[in-house]
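This report refers to the structure that appears directly beneath it.
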Amino acid sequence: MQVTEQDTATRETAAQLVEAFLKQRREQIAQRWADAPLFRTVFTVSRDEAVEACKGVVDALAEVLAGGRPEDITAPEFATVREQLGHVAASRARGGATPAQIADDVAALRPPVTELLRAEFADPSGVQAGEAVLLLSVVMGTLRLVVMETALSAGEELMERQRQQLLEVATPVIQLWDGIVAVPLIGTLDSARSQVVMESLLEAIVDQRAAYAILDITGVPMVDSLVAQHLLKTVAAARLMGAECIVSGIRPAIAQTIVHLGIDLGTVVTRSSLADALAYALARQGIAIPAPSASRVSPS
């Protein structure tokens, strides 16, 4: 579609009108937006903070119009909008709102400002008013896209933090005895989790001054070459920290798999159970554990 000089002039005039409107009605717009869900659910303590945040968004939108690229989310003027609304969208995302819900909240900002804009014209249904409202709709639509993009990024960051927290919770380091720590592994051992295991174990070795570290894989359903490599790296790292590492919980099926894969664990101390591994570590420290005696039942 060919754009005529008249169309360009009309658009520029509309941009100037809407920009001036945003600057002049900044306070009224901010007051209306402060009660909208997007800001009300974030600024729950002070309404004045919500009003100030809204003013920042209005100022940023005026800059966007002055820049002449209201439909371009990559326009540098929208960087200010991202800064103003970034923490709002992130807070909504942390509160459980989906990107679609946040986008709807942004869409709800358009009617109040459109109503104020139409009231600026002697003829609210005239051509000039229509051009200004159309341009404002374009700006608000682009704002919605910008906030959705920000919300998606915030959601991804939140999921990554939650994933990291789950990894840390799923790989606890337990002090079994003075100088003996253990990591009971449950579930699949992938590269990311293996890194968390190694970091947590090495930190525990330093903090507890542990001489022995037990990796219990009783709860690991499958051991392949990748898992075995992760275990070997963890054992090697523990040795560098001055601790002997013991791998326990090797069930018959896992032992057969390791042999079938040709994985050499000859340099690694292994035990069939966590109890056996603890007994080994205690014996190495010269601590004797008496064997449990059979209970005697007195005749009635």
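Structure values in brief
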item: The chain - Kirkwood radius from inverse mean 1/r over Cα pairs (Å); result: 24.6 Å
item: Relative contact order, percent, the chain [alpha-carbon distance under 8 Å, six or more residues apart]; result: 13 percent
item: MRE, 222 nm, helices only [DSSP H, n ≥ 4, -39500 (n - 2.57), over the chain, to nearest 500]; result: -20500 deg cm²/dmol
item: Mean Cβ neighbour count within 10 Å, used as a protection proxy, ranking 97-104, 58-65 highest first; result: 58-65, 97-104
item: Proportion of all alpha-carbon pairs of the stretch 174-284 beyond 26 Å (%); result: 10 percent
item: Highest-first arrangement of 268-275, 198-205, where packing means the average Cβ count within 10 Å; result: 198-205, 268-275
item: Contact order normalised by residue count of the stretch 5-157, Cα under 8 Å, 6+ apart, percent; result: 31 percent
item: Charged-residue dipole, Cβ positions (Lys, Arg, Asp, Glu), the stretch 5-157 about Cα centre, Debye nearest 20; result: 440 debye
item: Debye equation applied to the C-alpha atoms of the stretch 1-84, log10 I(q)/I(0) at 0.18, 0.24 Å⁻¹; result: -0.80, -1.11
item: Karplus 3J(HN,Hα) series, Hz, for the stretch 41-56 with 6.51 cos²θ - 1.76 cosθ + 1.60 (x for Gly, Pro); result: 7, 9, 8, 8, 8, 10, 5, 4, 5, 5, 4, 5, 5, 5, 4, x
item: Kirkwood hydrodynamic radius of the stretch 9-144, from inverse mean 1/r over distinct Cα pairs, in Å; result: 15.1 Å
item: Under the Karplus curve 6.51 cos²θ - 1.76 cosθ + 1.60, θ = phi - 60°, whole-Hz ³J(HN,Hα) for the stretch 211-219, x wherever Gly or Pro sits; result: 9, 9, 10, 10, 9, 9, 10, 4, x
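Every number in this text was worked out from the coordinates using simple rules, so none of it is lab data. Please read these numbers as outputs of a predicted model, since none were measured by experiment. Quick reminder, even Gly has a Cβ in these numbers, built from the backbone with ideal geometry, and neighbours come from all protein chains shown.
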